[in-house]
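Novice: Got a structure for you, written out below as structure tokens; questions coming shortly.
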Amino acid sequence: MFSVLLIPLLVAMFLGINMGGSGTAPSFSVAYGADLINIDLIPVLFGVCVLIGAIVASEEVTKTIGKGIISENVMSITVVTIILLSTSLSIMFANILKVPQSASQATVFAITGVGIYFDQLKTQRLFFEIIPTWFILPIIAFMIMYIIGKYIFEPLKCKKTINFIQISEKSLWKYIVILSSCYVAFSIGANNVANATGPITSMLLNELGFQSNTTYSLLCMILATIIVAPCFGIGSSIFGSSVLETTGKKIISVAPLGAVVISIVTGSLFLVASVTKGIPASLVQLNTGAIIGLATAKLGFKEVIKNSSVRKIFVVWIIAPIISFLLAILFLYLGSKLNMF
């Protein structure tokens with residue numbers, strides 16, 4: 001049994017690596033864009049903070065991914081492998097294109113494919129909580145940063161109340177920005193790690209014959225977290241530099257003060273969704289929405305939408321989850337033909 005269990009665990013680690021590559025952008029893109037941190041240091045800080053966040057605050061999202069969208073009884077070794085592999089390939093596609101992609105959306109779409117195939121989809125939670133949150137939170141992040149940029153930052157610059165250049169040169173701000181980036185990475189651990197640990201936890205409970213909502217459930221969750229979370233740092237070192245370049249440099253150059261505000265706004269919105277409702281949300285889209293909001297306040301919406309990187313991001317956001325969904329259906333069909341269910 002343990003040799004068979006090794007397959008989905010390895011795929012979960014592969015997913016963690018891909019999520020680490022994609023998740024580096026929303027956590028450290030603003031600090032990198034402001035030239036406040038060496039790119040070689042980012043994977044280490046990112047990996048450590050993700051691990052802490054996963055251990056401390058990922059329980060609610062793990063439950064949602066593991067049994068909140070489809071019945072946990074469906075989570076067999078084969079099905080979990082299909083979910084994780086479909087999600088991994090979808091995110092890897094985005095990483096190759098150097099576009100940060102929502103791991104949560106890719107995972108939920110893969111699980112939705114499984115739910116439709118086995119007629120086990122819990123539509124209430126999916127259509128009335130999870131999907132609306134995907135649209136609402138990035139809009140909130142955009143509006144907050146647009147208002148701050150338009151009605152606070154710009155007037156302060158015009159009146160010269162604050163010397164933004166001097167602020168940028170103060171070493172204290174460097175550490176404040178890096179600390180805020182670590183806060184975002186912590187929130188990633190609280191949410192995105194569950195995309196792999198949720199299915200793995202339900203699978204382990206099923207295969208080992210344990211009941212959910214017991215001590216064994218918590219132990220399985222901790223085991224899955226310890227296996228998956230460190231892979232985020234590995235993924236950050238492999239894919240992180242390319243996706244950092246896209247959001248950190250090619251949309252707008254972000255000053256240190258703006259970087260701190262973006263990190264606090266997006267990290268807090270993401271953490272609230274994770275801890276209070278257990279929603280597998282998209283920090284990638286939250287972060288990009290905030291950056292675009294600040295860019296719109298500074299440059300205007302027409303100039304921002306002309307940006308080829310912005311258009312590329314939106315296209316990949318639409319395509320990648322659909323790929324995840326279709327791959328899950330395809331793998332399930334092939335599995336049924338091979339009598340794997």
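Novice: When N is the residue count of the range 2-337, what does its C-alpha Rg come to as a fraction of 2.2 N^0.38 Å?
Specialist: Compared with the compact-globule rule of thumb, the range 2-337 sits at 0.98.
Novice: Step through the residues of the range 103-120 one at a time and calculate ³J(HN,Hα) from phi using the Karplus curve (6.51 cos²θ - 1.76 cosθ + 1.60, θ = phi - 60°), rounding each to whole Hz and writing x for Gly and Pro.
Specialist: Coupling constants for the range 103-120: 5, 5, 5, 4, 5, 4, 5, 5, 5, 4, x, 5, x, 5, 4, 9, 6, 10 Hz.
Novice: Strictly over 20 Å apart at the Cα level, which of Lys150/Lys174; Lys98/Lys306; Lys67/Lys98; Lys150/Lys302 would you flag in this model?
Specialist: Beyond 20 Å: Lys150/Lys174; Lys67/Lys98.
Novice: Next question, about the same structure. How far, in degrees from 0 to 90, does helix 171-191 lean away from the longest principal axis of the Cα atoms of the chain, to the nearest 10?
Specialist: 20 degrees
Novice: Report relative contact order for the chain in percent, whole number only (criteria: Cα-Cα under 8 Å, sequence separation at least 6).
Specialist: Relative CO of the chain lands at 40 percent.
Novice: State the extension gain, in nm to one decimal, for the chain segment bounded by Ser3 and Met340, taking 0.36 nm per residue of separation less the distance between their alpha-carbons.
Specialist: 119.7 nm
Novice: Describe numerically, in nm with one decimal, the distance between label points set 7 Å from Cα along Cα→Cβ at Glu303 and at Glu154.
Specialist: 1.0 nm
Novice: Given Cβ point charges of +1 (Lys, Arg) and -1 (Asp, Glu) and nothing else, what value in debye, to the nearest 20, does the dipole of the range 2-337 about its Cα centre take?
Specialist: Dipole of the range 2-337, to the nearest 20 debye: 1000 debye.
Novice: Note down the nm distance, to one decimal, between modelled labels 7 Å out along Cα→Cβ at Ile322 and at Leu10.
Specialist: Rounded to a tenth, the inter-label distance reads 3.3 nm.
All of the numbers you see were taken from the coordinates with simple rules; none came from a lab. What you are looking at is a predicted structure, and each value in this text was computed from that prediction instead of being measured. Positions of Cβ are generated from backbone atoms using ideal geometry, with glycine treated the same way; all protein chains shown enter the neighbour counts.
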